[in-house]
Every structure is written in C-alpha cells, then in structure tokens.
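Only the coordinates and a few stated rules stand behind these numbers; no lab work does. For clarity, every value in this text was computed on a predicted model and none was experimentally measured.
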C-alpha cells in the first residue's frame, strides 16, 4: 500500500492539472474588461503614474486609470458584453475596480450614463462615499459643482451613502445639494415652471429683479449684451436674480439648465430711462 501511495498522488496531481487545463481552454470565460468602443473629440487617459495619452478604440482600462473627456468629446466604454458606460462632454472618471464581481468608477465631474444588461457585471458609479449601482437597467449620474444628481431611465438603481434613499426607479430623479439637502421625486416635465418679469416696460432703476420656479437646484443665468448673472434654484425650485441695466433698451435672456441636458429659455425687454423730462413751455399766472 505504501508503494502505491506515491503513484496515487501522482495520478491525482495529473488529473487536477488536466482539469485545470480543460477549464482554461474550454470553460466559461469570467474575465471582465473595461474597454473603449466609441470615441469622438478629445478623450485622454491618465495612468497611475501620471502619464497621458489619447485613448483609441479598443484600449483597455485598468484600476487607477483616469479618463478625461473634453468639451466637445464623448466616450463609450464597454463593461462586459452588452453593457456600456457613456461619458458626456466635460466629464472625468477614475477607474477603481475591474473584476468579475463588478466594475466601479469614481465620478470626478460631468455626467455619465450607465446601461447594464441582465447577466453583465454590476456597474457602480461613486462620488465621495455615495454610490449608485446598476445590474439591470439604465441610469444617468451627474456631478456638478458639488451636486450629485441621479435620474433613473430604466429598471431600478440601488443607492447608498445618502440618508433615507435606497433606490431610484425609472422616471425618478434624485438631487443632493452641496449642503446635504436631498430632493427625490418624479423627473419634472417642465424645467421652468414659472418666471416673473417686472410689469413695467420702462424704469429709472439700475437693475431689475427676476424671480421664478424651476426644478430643484437648476442652474439659472440671465444674459444681457454686457453681462451674465448666474445662480441656482434652491431645493424647492425657487430662484431670484438681480440683473443690472444700462441706459436705453435692455434685452434679457433667461436660461435655465439642469444636469441632464434640459434647457428652457425666456426673454424680456425693458428700457432704462434716467433722463428728466424736458420743459418746452412754461406759463405763470399771477393772482390778484
């Protein structure tokens, strides 16, 4: 029996190596890659050592790689078969994990759109301890001046790191302000609900006040020929801007935008006239 033991061990080792080789050649491929499948405009990779290069089709990304998209650029990354992560213009992400259990990226700025097919690896978009996970569905995540904004397009995304919120479903929008205020509800049908312009068509004042209601934390900007006055709506959607005027006609364009590409505009004209009325004739009547 002792003589046969080494032979038995050798047989088991050979069988184990053979099984491993068979799995490697013919078994299912669990390798997960994150690669570039569409690109336009300026898109670059910054590696862990700070090296920069333009990304080309087919390029594979690894943990600690950073992807930056220029103002007119766009990049689509494939996450497993049939799932994608799209980086919109002026966006930046950092890859933190590429494994069979899932792919994770840190959203540094801009907007990304995640589309995940059932059976593909989990895709997670993170920002400063907050996480949005998708394993079967579609979601848009935006980081804009400290605001985290999430809009569900299909299926349900899981959310962590935001108190009181666990999911975002299709047709829902979640916005967390820089101060921690959180607004969650149906995506608004109208970005600009109301705008209140002054009733007067002319004024002697050097500015006017424009007020209104928009979607929560929307960016609001008043454009004139001389200036741009920008601000944000608050958590309830209210906004108020003081717009300076110049002498004569003033054309004002109010533009409201959100993090998901929505834009609404309103126009107004007002004349500033500070000149005193001219006296062309005078009459004096003396009382007797």
| query | Using the Cα gyration tensor of segment 192-272, with a ≥ b ≥ c the square roots of its eigenvalues, what is the shape: rounded (a/c below 1.5), prolate (a/b larger than b/c) or oblate (neither)? | reply | prolate
| message | Which of 109, 133, 211 ends up with the largest GNM mean-square fluctuation for the chain, with Cα atoms connected below 10 Å? | response | 211
| Can you give the relative contact order of the chain as a percent, counting alpha carbon pairs under 8 Å and 6+ residues apart? | 9
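Can you tell me what the convex hull of the Cα atoms of segment 154-288 projects to on average, as an area in nm²? If you can, show how the numbers build up before the last one.
Details: hull surface 52.1 nm².
Average of the hull's projected areas for segment 154-288 equals 13.0 nm².
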| note | the chain: Kirkwood hydrodynamic radius (Cα pairs, Å) comes out at 23.2
| message | If I model segment 34-186 as equal point scatterers sitting on the Cα atoms and use the Debye formula, what is log10 I(q)/I(0) at q = 0.11, 0.13, 0.18 Å⁻¹? | response | -0.38, -0.54, -1.04
| message | Once you keep just the Cα pairs under 8 angstrom separated by 6 or more residues, what percentage relative contact order results for segment 125-174? | response | 33
| Helix-derived mean residue ellipticity, 222 nm - over the chain, DSSP H n ≥ 4, -39500 (n - 2.57), to 500 | -3000 deg cm²/dmol
| query | So how tilted is helix 4-26 from the main axis of the chain? Cα-based, degrees 0 to 90, rounded to 10. | reply | 30
